[in-house]
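**Q** Input: one structure, supplied below.
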Amino acid sequence: MKKISLLTFVFTAFVAVEAMAWGGFGHRAIAELAERNLTKEAKANIEKYTKGTPLADYAVWMDLVRKNAPEYAYATRGWHASIVDTECKTSQAIRDKHRQGRDAVTGILEFEQLFKEREKMSDSAVMFAIKSIVHMVADMHCPAHVRFTDFENQGKFPITFFGKKSTLHKAWDTSIIYYYHRGWSYQQYAEKLDTFSKGKIKRVTEGWVEDWLEESGRLVRPYIHTINEGDDINENVMEWAYPLGESLARKAGYRLAKVLNTFFK
């Protein structure tokens, strides 16, 4: 608690950055999907702080901070990923040991404690939380952001994507999802993703962030050694990579909505 409370003060003068067209097709689509599934109460409470700015406009704010504001980047360093063990289990002890408690799951759990007394938080602290949560929930579902205690799984090594130079991390972050939807807006993709019934949404959002990370681990682990340095991602790879990426993106959107509905009820 003390660590996060300090961060809210650090960011008090910083988080009111003007919204801009961030880019980040997958991140923005996940945020849009979440916004489509907010309760009326949560949406109204969130808009008290965002003034109606779409959540998608904050979707890669944490990446921009990391790249363009190094004096603040340390505050969110590590929050882009989380970790499970070889059995795809996580715990605070595992996250403390392997990531010093700087990870997406721990960050969200600490925000959860803060939001139990939201009325005591400054507006800028709440905005910092919104911008961070929108990114963290998405990242913990991205195959390149699920870490394992026996394998770092960052995917920063070079590969080719249909013959063009890339890295595996970039492919998971953007290319694999976007490939079949070139020319689409993120709103169109969010609409494609938003197909679950209320009953199915309830089932896919059961549990909480640790459960969701463990599921991501179980889904990602069989594939972590499938693509190696210098490999080409082509139609054969996309047969399994695209369904995996899209399934996780859809779950991320619905689960982000659950987190925000919980925090802003």
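Quick note: the coordinates plus some simple rules give every number you see, no bench work behind them. No experiment lies behind these values; they were computed from the predicted model shown. Backbone-built Cβ (ideal geometry, glycine too); neighbour counts: all protein chains shown.
**Q** Given the Cα-Cα distance of GLU47 and LYS120 and 0.36 nm per residue of separation, how much length would full extension add, in nm? Walk me through the numbers on the way to the answer.
**A** Details: separation 73, 0.36 × 73 = 26.28 nm, distance 1.76 nm.
That pair, GLU47 and LYS120, stretches by 24.5 nm at full extension.
**Q** What does DSSP give for the chain in terms of the percent of beta bridges that are antiparallel, rounded to the nearest 5? Could the numbers behind the result be given before it?
**A** Details: 5 of 10 bridges.
Bridges in the chain are about 50 percent antiparallel.
**Q** Still on this structure, please answer the following. Figure the gain on full extension for LYS40 and SER91 (residue separation times 0.36 nm, minus the Cα-Cα span) and round it to one decimal in nm. Intermediate results must be reported in sequence, preceding the final value.
**A** Values: separation 51, 0.36 × 51 = 18.36 nm, distance 3.32 nm.
So the extension gain works out to 15.0 nm.
**Q** Can you put LEU244, LEU256 in order, fewest other beta carbons within 10 Å first?
**A** Details: LEU244 16, LEU256 27.
Ranked by crowding around the Cβ, least crowded first: LEU244, LEU256.
**Q** Run down the lysines and flag those whose C-alpha is under 28 Å from the C-alpha of LYS192, throwing out any fewer than 8 positions away in its chain.
**A** Correct list for LYS192: LYS40, LYS43, LYS51, LYS131, LYS164, LYS170, LYS200, LYS202, LYS251, LYS258, LYS265.
**Q** Across the chain, how large is the tail of the calculated P(r) beyond 30 Å, expressed as a percent of all Cα pairs?
**A** Values: 8363 of 34980 pairs.
Of all Cα-Cα distances in the chain, 24 percent exceed 30 Å.
**Q** Need one word for the stretch 90-165: rounded, prolate or oblate. Basis is the Cα gyration tensor (sqrt eigenvalues a ≥ b ≥ c); a/c below 1.5 gives rounded, then a/b vs b/c decides. Can you show the working numbers first?
**A** Working: a/c = 3.91, a/b = 1.71, b/c = 2.28.
Here the stretch 90-165 falls in the oblate category.
**Q** Which value in nm describes the separation of the simple spin-label points at LYS164 and ASP232, placed 7 Å from the Cα toward the beta carbon?
**A** 1.5 nm
**Q** Test of understanding: ordering LYS156, LYS170 by Cβ neighbours within 10 Å, fewest first, what list do you get? It would help to have the intermediate numbers written out before the result.
**A** Values: LYS156 11, LYS170 17.
Ascending Cβ contact count within 10 Å gives the list LYS156, LYS170.
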